[in-house]
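The structure appears below as structure tokens.
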Amino acid sequence: MEDKKSYDSIVDCVGHTPMVRLNHVTTDIAGEVFAKLEFLNPMGSCKDRIARYMIEKAEKTGKIKKGDLIIENSSGNTAMGLAMIAIQKGYRLKVVVRDRISKEKLDQLKALGVEIHMVDSSLPPESPYSYNNITPLMAKETPNCYFPDQHNNRDNNEAHYLGTGPEIWEQMQGKIDYFVAGIGTGGTIGGTAHFLKEKDPHIQVVAIDPVGSIFYDYFRNGKKVKPGPYLLEGLGDEFLIQCADFSVIDDMFQVSDKEAFLAARELTLREGILAGGSSGAALWGIRQLAKKIKRPARIVTIFPDGASRYLSTIYNDEWLKNQGMM
Ligand code: PMP
């Protein structure tokens, strides 16, 4: 959010999030680590940026008109951003979510009046009813409907190329050695990395993918492995998608649910940053990177969303114990 006196609407508060240095959880890392607090966007995540950009682009190109229904599949955060845009601009919204979505995200979407279609996350990816397959089908069968398709629509990457990348460059005054970020649709890491590498080709980009997602093996050896189950929300996929741009990624680490969740809790307790699971994944990834490079570096990351979305899961001792993670 820019430091202005007032805004025309909540939509104009998207972006310009703060960058902070981590002081307590990185004491064993040589150099400095900075995190961009994307959970301070109005709807609480980095996905506000793409929700706004994809819809405004669709308006400019005549793909959507007032009153239309927006249909999208989302782990919850894009849905929240789209809800804000839909309410302000007069669209309806239906979202496809997986049944592993946290209760907090679901309750917030209901509060925003969003129509929800829940899919069984244990369905095989090739099932016509799976998270990835049902959404385009539903969009095709619905008149007066726009499907932004955040997984394959490169406007997703462009939003970060035009927003997140330049903001990071300015906030870091161009002094960056590594950019580390989780990969979900790939828009955040892809668009941001593209911009940063244009500015300084020496910047190395490291992606974090969950165990169970197919990106890691594809990046390492070009093989499409069978996806497995995992709980971390927002990262990884069971398909190769067009927004996941491996050409700007130099290295990739694979994080387990437990590693990501415990690192998120540590960020909250030791740094006072109420972090979501993918922020924990980023911190864990930075530690792996630091072990590998063994020299002082300036590392920048993104904290995509916050703890308030995961109080019943990652921040619930009973839940963690039931998952065998505590
Ligand atoms: N973290 C969270 C919590 C998310 O919801 C997302 C979005 N899927 C990401 C990280 C990854 O962002 P991207 O889709 O741009 O790769």
>> What pairs come out if I take residues in segment 168-183 that are in the same structural domain as Pro201 (by TED's automatic domain parsing) and pair them with residues that are within 13 Å of the ligand (Cβ to nearest atom) and of a type in the set (D, E, K, R) whose C-beta lies under 9 Å away, six or more apart or interchain?
In response: Ile168/Lys36; Gln171/Lys36; Gly182/Asp209; Ile183/Asp209; Ile183/Asp237
> Looking at (1) open to solvent by 50 Å² or more (accessible area, probe 1.4 Å); (2) in contact with a Phe, Trp or Tyr (Cβ under 9 Å, 6 or more places away or on another chain), can you tell me which one Lys226 breaks?
Replying inline: (2)
> Here are some conditions: (1) open to solvent by 20 Å² or more (accessible area, probe 1.4 Å); (2) more than 28 Å from Lys103 (Cα to Cα). Leu196 meets all but one. Which one does it not meet?
Replying inline: (1)
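Scan Pro124, Pro143 and give me the residue that is modelled with pLDDT under 95 and open to solvent by 60 Å² or more (accessible area, probe 1.4 Å). Full working, then the answer.
Details: Pro143 fails: modelled with pLDDT under 95.
Of the residues listed, the single one that is modelled with pLDDT under 95 and open to solvent by 60 Å² or more (accessible area, probe 1.4 Å) is Pro124.
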> In segment 279-308, which residues are more than 16 Å from the ligand (Cβ to nearest atom) and either out of contact with any helix residue (DSSP H, G or I) (no Cβ under 7 Å at 6 or more places or on another chain) or open to solvent by 10 Å² or more (accessible area, probe 1.4 Å) (or both)?
Replying inline: Arg287, Gln288, Leu289, Ala290, Lys291, Lys292, Ile293, Lys294, Arg295, Pro296, Ala297, Arg298
>> I'm checking my understanding of the structure. Among residues of segment 298-318 that are within 17 Å of Gly272 (Cα to Cα) and polar (S, T, N, Q), which one is farthest from the chain's Cα centre (by Cα)?
In response: Ser308
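Residue by residue through segment 14-63, note down the ones that are of a type in the set (A, V, I, L, M, F, W, C) and assigned to a loop (DSSP other than H, G, I, E, B). Break it down into steps so the answer makes sense when it comes.
Just the residues of segment 14-63 that are of a type in the set (A, V, I, L, M, F, W, C), to begin with: 14, 19-20, 22, 25, 29-30, 33-35, 37, 39-40, 43, 46, 50-51, 54-55, 58.
Those that are of a type in the set (A, V, I, L, M, F, W, C) and assigned to a loop (DSSP other than H, G, I, E, B): Val14, Leu22, Val25, Ile29, Ala30, Met43, Cys46.
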>> Any residue in segment 42-56 that is buried (at least 24 other Cβ atoms within 10 Å of the Cβ) sitting within a Cβ distance under 9 Å of a residue that is aromatic (Phe, Trp, Tyr) and part of a helix (DSSP H, G or I)? List the pairs, counting only those 6 or more apart or interchain.
In response: Ser45/Phe39; Cys46/Phe39
>> Filter segment 57-84 down to the residues that are more than 13 Å from Tyr146 (Cα to Cα), more than 16 Å from the ligand (Cβ to nearest atom) and touching a residue at least 60 places away in the same chain (Cβ under 8 Å) and list them by number.
In response: none
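Hey, among Pro148, Pro124, which residue is assigned to a loop (DSSP other than H, G, I, E, B) and in contact (Cβ under 8 Å) with a residue 24 or more places away in the chain? Show your work before the answer.
On the way: Pro124 fails: in contact (Cβ under 8 Å) with a residue 24 or more places away in the chain.
Going through Pro148, Pro124 in turn, the sole match is Pro148.
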> Quick check: anything in segment 76-93 at pLDDT below 95 and either surrounded by fewer than 21 Cβ atoms within 10 Å (Cβ to Cβ) or in a loop (DSSP other than H, G, I, E, B) (or both)?
Replying inline: no
>> Going through Ala297, Ala281, Ala290, Ala244 one at a time, which residue ends up being closer than 20 Å to Asn316 by Cα and either without any contact (Cβ under 8 Å) to a residue 24 or more places away in the chain or not polar (S, T, N, Q) (or both)?
In response: Ala281
> Does segment 128-136 contain at least one residue that is within 20 Å of Gly81 (Cβ to Cβ), open to solvent by 40 Å² or more (accessible area, probe 1.4 Å), within 16 Å of the ligand (Cβ to nearest atom) and not in a strand (DSSP E or B)?
Replying inline: no
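hydroxyl-bearing (Ser, Thr, Tyr), open to solvent by 20 Å² or more (accessible area, probe 1.4 Å) and farther than 27 Å from Ala111 by Cα, is that true of Thr26? Spell out the reasoning first.
Working: hydroxyl-bearing (Ser, Thr, Tyr): yes; open to solvent by 20 Å² or more (accessible area, probe 1.4 Å): no; farther than 27 Å from Ala111 by Cα: yes.
No.
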>> Restricting to segment 165-189, and then to whatever is within 13 Å of the ligand (Cβ to nearest atom) and part of a helix (DSSP H, G or I), can you tell me which residue is nearest to Arg154 (Cα to Cα)?
In response: Gly187
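Which one is nearest to the ligand (Cβ to nearest atom) among residues in segment 151-164 that are closer than 30 Å to Phe34 by Cβ and part of a loop (DSSP other than H, G, I, E, B)? Steps first, please.
Filtering segment 151-164 down to residues closer than 30 Å to Phe34 by Cβ leaves 151, 153-164.
The next check asks that each one be part of a loop (DSSP other than H, G, I, E, B); those that pass are 151, 153-154, 163.
Numbers: His151: 8, Asn153: 12, Arg154: 12, Gly163: 12 Å.
Within segment 151-164, the match that is nearest to the ligand (Cβ to nearest atom) is His151.
The values are calculated or read from the model by the stated rules, or taken from the named source; none is laboratory data. What you see is a predicted model; the values in this text were computed from it and never measured. Cβ atoms come from the backbone with ideal geometry, glycine included; neighbour counts cover every protein chain shown. Surface accessibility is based on the protein's heavy atoms, side chains included, excluding ligands, DNA and RNA. Shrake-Rupley method; radii C 1.70, N 1.55, O 1.52, S 1.80 Å.
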